[in-house]
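Below: the structure, in structure tokens.
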Amino acid sequence: MQETDDILKEVTNNEYKYGFVTSIDTDIIHHGLDEETVRIISAKKEEPEWLLDFRLKAFAYWQTLEMPHWAHLDIPQINYQDIIYYAAPKKSTPQNPDEVDPELMKTFDKLGIPLRERAQLTGMAVDAVMDSVSVKTTFKDTLASKGIIFCSISEAVKHHPDLVQEYLGSVVGYRDNFFAALNSAVFSDGSFVYIPKGVRCPMELSTYFRINARMTGQFERTLIIADDDAYVSYLEGCTAPMRDENQLHAAIVEIVVRDHAEVKYSTVQNWYPGDKDGKGGIYNFVTKRGLCKGEGSKISWTQVETGSAITWKYPSCILAGDNSIGEFYSVAVTNNWQQADTGTKMIHLGKNTRSTIVSKGISAGHSQNSYRGLVKISPRAEGARNHSQCDSLLLSPTCGAHTFPYADIQNETAVVEHEATTSKINEDQLFYCQQRGISVEEAVGLIVNGYAREVMNKLPMEFAVEAQKLLSISLANTVG
Amino acid sequence: MLEIKNLHASVGNKEILKGVNLSINEGEVHAIMGPNGSGKSTLSSVLVGDPKFQVTEGSVTFCGRNLLELSPEERSREGIFLSFQYPIEIPGVSMVNFMRAAVNEHRKYKGLSSLTATDFLKLMREKRTIVQMDNKLAGRSVNEGFSGGEKKKNEIFQMAMLEPKLAILDETDSGLDIDALRIVAEGVNKLKTPQNSTIVITHYQRLLDYIKPDFVHVLYQGRIVMSAGPELALELEEKGYDWIKQQLGE
């Protein structure tokens, strides 16, 4: 066992390759949060009255709340007055007001995010968000020809106010929870997607979130609407610089899916996780929820979570339409001193609704990794079905893996199944690989990717390769 | 090729190998026989660097290098292959990915570039016929759900892919029916060249009917107590291991 410990240690000292900082002129407001801050943000974005009202109500409500402590997380005190709530990198230079500042282009190039439309090879449209603003959205015109709206949420507020007003807060209300209230008060940017009736989005849509400025929180808001018979596959990626202090990221993602429409939402979360002693890193407190509003509609969440110092995140589905389907596929990796409390809620309201949960936790170092899930079958959800599979893989003797499955079944025709396993990475497997000439580091990558394969297979191709590498890198030098 | 001198090895505080001497030249096949608990599997484990065993004394050189200084993966890349007595299952890792990682590591060590996917699959197809392994098996996870016979065929298939200088077959015959035994043994024979060498560890003469040894050694209580030609295996089969004890005056 001692040898395995050493090997695991070797494999888990990870390298974070997105930890650089871009030096760019940024419009930053004073730190601290009061009603004035909310008004400044709204004014900077030239928002209509109704949106300011929404923010102010949310802020007033947030002030009555306390931070939740029910998760299996040890969250240090956060001083919300120390945070800067708005930081907008200047998108263009005075010389070239119509072009995105080359420094920003360079930053996203360095992150491997194509912001030039000629880089069409990836078949992917991108909305790039740095700190509090969307820097650029690609292929907007190509998509518009099919009636698809893909833009930053700030633009959507300006150009499609009716859609935004109808749906904003309709799935995650500002009274939902502490972080949802906070986000609703101060959200700055994020993406907006509308896929009209009968349209299959011809390319992957993606948003790339980047935190750059110091002491800044990122509060993004994403709203995706798929009208009847529409389909879209949406990807989300994120990174941040390496810093000694913790930074807060509290996002909301809302999805509404109408009759027979489908939204596939994939995340590769790679926020800076902190160093090997647990210093620094992002607090990732996110509320993601989709509403299967229509008959036969479908939402599929796939997430690969490798970053963040602390993750608090439960992408969920409200299965309101009859025959609607919710899926949640998750790989959560924690290493060193990272903590994750993640899972999903499947709320079955409609008849013959089905949900699938596959959660794979991988823990190393001194990390804590929890799965928390709720399967709720309401009284009128005749014939609902759920299958949950929660597996934990332990790579060190000092890490923790926990499973908190809740089931609330109020209709006796429901079929709900839950399976759970916990395993350790096996010295014999490592040695077998080594005997074939494979280094320990690569062997851990192979074994972990094999363990997570069921989830990784759900990712779009371009993403899957990246995610596989990420899994191996996050666990580089882990095996103990 | 391989020179073992006064090798002592323990697991925990228990000494299992108590001074093994063995010398193997290019192209030779050596059989190591002996009763249960004599140290046969320990010897093979120590040669491939299994961390469960500690070498306490002695030396092993392989092709002029001090083998005991090398990591298990370096020993593999230098050309030592172990066919495991109990092959390990690795769920979710396909044979294709596993073997591609292994073959490319070996190529990198030799300064060669990685094989393209097409070339690699071609190589796999070619090698798997050696042990009559079907295509489906190659697509499955490493040893997962394989029968005993399939696992052993899979070991020899991997040996064919990696073309070792020295192959150690640790009780490759255990758990095999007659047909599977023949296929596995024929596979080993097909891979035999005048340059590579083999150590066959077995309890029984049966396997040696197929894989003809040049030398037979008897390992007993952590030492090689008798070495001779192939006739020794036949004599052992006839007289049993008690005969060894008598010879040793016990």
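Among the candidates A:ALA230, A:ALA240, A:ALA226, the residue that is farther than 18 Å from A:HIS160 by Cβ, crowded, with 20+ Cβ neighbours inside 10 Å and not aromatic (Phe, Trp, Tyr) is uniquely A:ALA240.
Quick one: is B:THR198 β-branched (Val, Ile, Thr) and part of a loop (DSSP other than H, G, I, E, B)? Give the derivation first.
Numbers: β-branched (Val, Ile, Thr): yes; part of a loop (DSSP other than H, G, I, E, B): no.
Considered against the rule, which asks whether it is β-branched (Val, Ile, Thr) and part of a loop (DSSP other than H, G, I, E, B), B:THR198 comes out as no.
Do we find a residue being exposed (fewer than 13 other Cβ atoms within 10 Å of the Cβ), outside any helix (DSSP H, G or I) and either at pLDDT 90 or above or on the phi < 0 side of the Ramachandran plot (or both) anywhere in the range A:117-126? Write out each step before concluding.
Residues of the range A:117-126 exposed (fewer than 13 other Cβ atoms within 10 Å of the Cβ): A:118, A:121, A:123.
When the remaining residues are screened for being outside any helix (DSSP H, G or I), the result is A:118, A:123.
Now narrow it down to the ones that are either at pLDDT 90 or above or on the phi < 0 side of the Ramachandran plot (or both): A:118.
Yes, the range A:117-126 contains at least one residue that is exposed (fewer than 13 other Cβ atoms within 10 Å of the Cβ), outside any helix (DSSP H, G or I) and either at pLDDT 90 or above or on the phi < 0 side of the Ramachandran plot (or both).
Taking the criterion of being in a helix (DSSP H, G or I), hydroxyl-bearing (Ser, Thr, Tyr) and under 22 Å from A:TRP312 (Cβ atoms), the only residue of the range A:148-189 that qualifies is A:SER184.
Filter the range B:41-56 down to residues that are outside any loop (DSSP other than H, G, I, E, B) and either within 11 Å of chain A (Cβ to nearest Cβ) or not hydroxyl-bearing (Ser, Thr, Tyr) (or both) and give me whichever is farthest from B:ILE24 (Cα to Cα). Walk me through how you get there before you give the answer.
As a first pass, look at the range B:41-56 and keep what is outside any loop (DSSP other than H, G, I, E, B): B:41-47, B:54-56.
Narrowing the set further to residues that are either within 11 Å of chain A (Cβ to nearest Cβ) or not hydroxyl-bearing (Ser, Thr, Tyr) (or both) leaves B:43-47, B:54-55.
Details: B:LEU43: 14, B:SER44: 14, B:SER45: 17, B:VAL46: 16, B:LEU47: 13, B:GLN54: 23, B:VAL55: 20 Å.
Result: B:GLN54.
Condition check ((1) crowded, with 22+ Cβ neighbours inside 10 Å; (2) under 25 Å from A:LYS44 (Cβ atoms); (3) of a type in the set (A, V, I, L, M)) across all residues:
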site	(1), (2), (3)
A:LEU163	no, yes, yes
A:LEU168	yes, yes, yes
A:TYR174	yes, yes, no
A:ASN177	no, no, no
A:ALA180	yes, yes, yes
A:ASN183	yes, yes, no
A:VAL186	yes, yes, yes
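For the range A:346-365, enumerate the residues that are farther than 19 Å from A:LEU471 by Cβ and not in a strand (DSSP E or B). Within the range A:346-365, A:LEU349, A:GLY350, A:LYS351, A:ASN352, A:THR353 qualify.
Of the residues making up the range B:70-98, those that are within 9 Å of chain A (Cβ to nearest Cβ), surrounded by fewer than 24 Cβ atoms within 10 Å (Cβ to Cβ) and under 18 Å from A:TYR451 (Cα atoms) are B:ILE88, B:GLU89, B:PRO91, B:GLY92, B:SER94, B:ASN97, B:PHE98. The set of residues in the range A:289-313 that are under 18 Å from A:PHE179 (Cβ atoms) and touching a residue at least 60 places away in the same chain (Cβ under 8 Å) comprises A:ARG289, A:GLY290, A:GLY307, A:ALA309, A:ILE310, A:TRP312.
Each row is one residue, and each column tells you yes or no for (1) surrounded by 15 or more Cβ atoms within 10 Å (Cβ to Cβ); (2) touching a residue at least 60 places away in the same chain (Cβ under 8 Å); (3) hydroxyl-bearing (Ser, Thr, Tyr).
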| position | (1), (2), (3) |
| --- | --- |
| A:ASP391 | yes, yes, no |
| A:PRO397 | no, yes, no |
| A:THR421 | no, no, yes |
| A:GLY437 | yes, no, no |
| A:VAL440 | yes, yes, no |
| A:ALA452 | yes, yes, no |
| A:ASN457 | no, no, no |
| A:LEU470 | yes, yes, no |
| A:SER474 | yes, yes, yes |
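Of the listed requirements (1) more than 14 Å from chain B (Cβ to nearest Cβ); (2) among the hydrophobic types (A, V, I, L, M, F, W, C); (3) under 27 Å from A:LYS17 (Cα atoms), A:VAL465 misses just one: (1). Exactly one residue out of B:LYS108, B:LYS136, B:LYS165 is more than 10 Å from every other protein chain (Cβ to nearest Cβ), without any contact (Cβ under 8 Å) to a residue 12 or more places away in the chain and surrounded by fewer than 20 Cβ atoms within 10 Å (Cβ to Cβ), and it is B:LYS136. Among all positions in the range A:260-275, there is at least one residue which is surrounded by fewer than 22 Cβ atoms within 10 Å (Cβ to Cβ), in contact (Cβ under 8 Å) with a residue 60 or more places away in the chain and in a loop (DSSP other than H, G, I, E, B).
Any idea how many residues of the range A:139-160 are of a type outside the set (D, E, K, R), out of contact with any Lys or Arg (no Cβ under 8 Å at 6 or more places or on another chain) and surrounded by 15 or more Cβ atoms within 10 Å (Cβ to Cβ)? Outline the logic, then answer.
Here is the first cut: in the range A:139-160, the ones of a type outside the set (D, E, K, R) are A:139, A:142-145, A:147-154, A:156-157, A:159-160.
If we keep only those that are out of contact with any Lys or Arg (no Cβ under 8 Å at 6 or more places or on another chain) too, we end up with A:139, A:142-145, A:147-149, A:152, A:156, A:159-160.
Imposing the further condition that a residue be surrounded by 15 or more Cβ atoms within 10 Å (Cβ to Cβ) reduces the set to A:139, A:142-143, A:148-149, A:152, A:156, A:160.
Of the residues in that region, 8 qualify.
Out of A:ALA420, A:ALA443, one residue alone is small (Gly, Ala, Ser), farther than 16 Å from B:GLY92 by Cβ and in contact with a Cys (Cβ under 8 Å, 6 or more places away or on another chain). It is A:ALA420.
Of the listed requirements (1) part of a helix (DSSP H, G or I); (2) buried (at least 17 other Cβ atoms within 10 Å of the Cβ), B:ASP179 misses just one: (2).
Against the list (1) surrounded by 21 or more Cβ atoms within 10 Å (Cβ to Cβ); (2) out of contact with any helix residue (DSSP H, G or I) (no Cβ under 8 Å at 6 or more places or on another chain); (3) not hydrophobic (A, V, I, L, M, F, W, C), the condition B:GLU171 fails is (2). Within the range B:103-128, the set of residues being more than 22 Å from B:ILE183 (Cβ to Cβ) and among the hydrophobic types (A, V, I, L, M, F, W, C) comprises B:VAL103, B:LEU112, B:LEU115, B:ALA117, B:PHE120, B:LEU121. Inside the range A:104-116, residues that are loosely packed, with under 15 Cβ neighbours inside 10 Å and modelled with pLDDT of 70 or more make up a count of 4. Would you point out which residue out of B:SER23, B:SER10, B:SER38, B:SER59 is more than 11 Å from every other protein chain (Cβ to nearest Cβ), assigned to a loop (DSSP other than H, G, I, E, B) and polar (S, T, N, Q)? One residue alone meets the criteria, B:SER38. The requirement of being buried (at least 24 other Cβ atoms within 10 Å of the Cβ), among the β-branched types (Val, Ile, Thr), closer than 23 Å to A:LEU291 by Cβ and at pLDDT 95 or above is fulfilled nowhere in the range A:196-215; no residue meets it.
The values are calculated or read from the model by the stated rules, or taken from the named source; none is laboratory data. Note that the structure is predicted; figures quoted are calculated from it, not measured. Cβ sites come from the backbone with ideal geometry, for glycine too, and all protein chains shown count toward neighbours.
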